[in-house]
Amino acid sequence: MVRNSVRAQIGIAFTIIVLISLFFSFGITRLFSEREVSLEQRYLTIARDTASLLALTDSDRREQVLDLLSTYNITGEFIKEGGKLPFSLTEEKVSPLYQAGLAEPLFLNAEQGPIRLIGVPNIDNSGSSLILKVDFTVFSETMLRILLISLFSVLVIGTLLILLASHYIVEPVKRLTRAAKEMAKGNLSFRIKHKKKDEIGQLMDSFNHMASELEKIDKMRESFVSNVSHEIQSPITAIRGFTRAISDGIIPNENQKEYLEIIYQETLRLSKLSDNLLRLASLDSENHPFHPARYRLDEQLRKMILATEPLWADKNLGIELDLQAFQVKADQELLEQVWQNLINNAIKYSDELGRIEVIMEVDNQAVLVHIKNTGKMIPKIDLPHIFDRFYMVDKARSHSGGGNGLGLSIVKKIVELHSSKIDVISNEAEGTCFTVSMPL
């Protein structure tokens, strides 16, 4: 959902911070602006009230009232037309006070500021006017101080909110960093627990998935090393034991040939294991030579059946071919290894007088090659693992036949190198069928 995305969270957090900051700024600015607007009226009101107070006061006590107002930064002087002017005023500036019918106070200086000069005309109906000097400098400085404090408060509040929001957003990244360090130490079982649904949550899920895959790879590596060690150690042990027995004279001369043949077969097994390991390493490196070219797939399959004739003839197996003349673009040498492995396996695991079928199917999307054999089925529990390295369904039979559990792994790597796939079906009724699907 959109609201669960990090982008949305950042946007929402930013919007909330801005709204809160604007709320405070608006309130403070509004308060200040209202004060500024009301100052103009306040100046006039002060002048009007002062004039009313002086009009009600005896003339000999007016100076006392003015002295009292001076404590509030309000200074007053009485003037008459043609008389001396206070506060550096000029006749031009005070002339509006002498206009007929004027009764309301007015500003005598046009400059906006904390110091204002206000004139009140004819306060006692005797032709005298009152000049007031109202100094709100202290008030303005106080308001400026309040404004600065308010802005600073907004800055602090906004900063704290941003820090809190960033902490909430950045904390999962720190957890990912700690998890990465744990994995760097070799703790591949480390997982991140979370309930997030956003992109950070997806990243954590991806991290956990990566950790699981790395843990599987590490276990596969350990299993691979263990299997290789076992596969190498077994023939070496046999070779060492038989050669020692022959050199010590324990084995009679008439039996030595038989044991030398065993030693020879074990060396062949080691050589085959070495070749398969090198081939797998080359295929895994993605730098294995790959030379695709067009050739007749049906002819290649027919030649492979003929090449294995001694093997299937020895077991009296029936061979059925259903091939179509069809060209594919592939690495002929690599696919030869695929057909050789699959056909040899079909022969190896077929019972005497059994049957092997090699069938080609071509449609608009792919060419399918089915290699079927009768005989003992592959147990369902083993089917998901038959392409794993060193995995053998019947270990005793595989070892006796020179197998090491790498043939089908090589087959799968070569098939995948051709952007193809291989599937297997095995049941008691139809036997086992490997299907290689090559897209056109």
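The values are calculated or read from the model by the stated rules, or taken from the named source; none is laboratory data. What you see is a predicted model; the values in this text were computed from it and never measured. Cβ: placed from backbone, ideal geometry, glycine included. Neighbour counts: every protein chain shown. Surface areas here come from the heavy atoms of the whole protein model, side chains and all, with no ligands, DNA or RNA. Shrake-Rupley method; radii C 1.70, N 1.55, O 1.52, S 1.80 Å.
Full extension of the chain between E40 and E299 yields a length gain of 82.6 nm, computed as 0.36 nm times the residue separation minus the alpha carbon distance.
How about K257: which lysines have a C-alpha closer than 29 Å to its C-alpha, ignoring those fewer than 8 places off in the same chain? Straight-line reach from K257, under 29 Å: K272, K315, K348, K395.
Dimensions of region 119-247 along the principal axes, based on C-alpha atoms and rounded to the nearest Å, stand at 150, 28, 14, largest first. What residue among G407, G101, G158 has the largest mean-square fluctuation in a Gaussian network model of the chain, using Cα springs under 10 Å? In the Gaussian network model the winner is G101.
The alpha carbon convex hull volume per residue for region 152-203 rounds to 83 Å³. Note on region 49-93 and region 241-266: Cα centroid distance 137 Å, given to the nearest whole angstrom.
Listed by chain and number, the aspartates and glutamates whose C-alpha is less than 18 Å from the C-alpha of K174, apart from same-chain residues fewer than 8 away, are E182, D198, E199, D205.
Average accessible surface for region 124-197: 66 Å² per residue, computed with a 1.4 Å probe over protein heavy atoms with every protein chain in place. For region 317-386, averaging the sequence separation of C-alpha pairs within contact (under 8 Å, six or more residues apart) and dividing by the residue count gives a relative contact order of 36 percent. Shape analysis of region 209-323 yields a ratio of the Cα radius of gyration to the Kirkwood radius, Rg/Rh, of 1.13.
The relative contact order of the chain comes to 10 percent, based on Cα pairs under 8 Å that sit 6 or more residues apart.
Kirkwood radius, region 340-385, all distinct C-alpha pairs, inverse of mean reciprocal distance: 12.2 Å.
Helices in the chain, meaning DSSP H runs of at least 4 residues, each add -39500 (n - 2.57). Divided by all residues, the mean residue ellipticity at 222 nm is -19500 deg cm²/dmol.
On the chain, 57 percent of the accessible area sits on carbon and sulfur atoms, based on a 1.4 Å probe. About its Cα centre, the chain has a charge dipole of approximately 740 debye under the convention of +1 per Lys or Arg Cβ and -1 per Asp or Glu Cβ, with nothing else charged. What percent of all Cα-Cα pairs in region 46-180 falls into each 10 Å bin, going from 0 up to the bin containing the maximum distance? Percent of Cα pairs in each bin: 11, 29, 20, 9, 8, 8, 7, 5, 3, 0. The share of Cα pairs per 10 Å bin across region 259-337, counted from zero up to the longest distance, runs 15, 28, 35, 21, 3 percent. Once the Cα-Cα distance is subtracted from the 0.36 nm per residue extended length, the L102 to D322 segment shows a gain of 67.0 nm. With a Förster radius of 30 Å applied to the beta-carbon distance between R221 and Q340, the computed FRET efficiency rounds to 0.60. One compactness figure for region 305-440 is 1.02, namely its Cα radius of gyration divided by 2.2 N^0.38 Å.
Per residue, the average separation of C-alpha pairs within less than 8 Å and at least 6 apart gives region 80-190 a relative contact order of 15 percent. Between E428 and Q365, what's the calculated FRET efficiency when r is the beta-carbon distance and R0 is 45 Å? Round to 0.05. For R0 = 45 Å, the calculated efficiency reads 0.90. Counting every pair of alpha carbons in the chain, the share spaced more than 43 Å apart comes to 56 percent. May I ask for the angle, rounded to the nearest 10°, between helix 332-348 and the longest principal axis of the chain, with both axes built from Cα atoms and the value confined to 0 to 90°? It works out to around 60 degrees.
Taking a ≥ b ≥ c as the square roots of the eigenvalues of the alpha-carbon gyration tensor, region 272-385 is classed oblate because a/c is 1.5 or more while a/b is no larger than b/c. Peptides 277-283, 179-185, 414-420 ordered by packing proxy, namely the average of other Cβ atoms within 10 Å per residue, highest first: 414-420, 277-283, 179-185.
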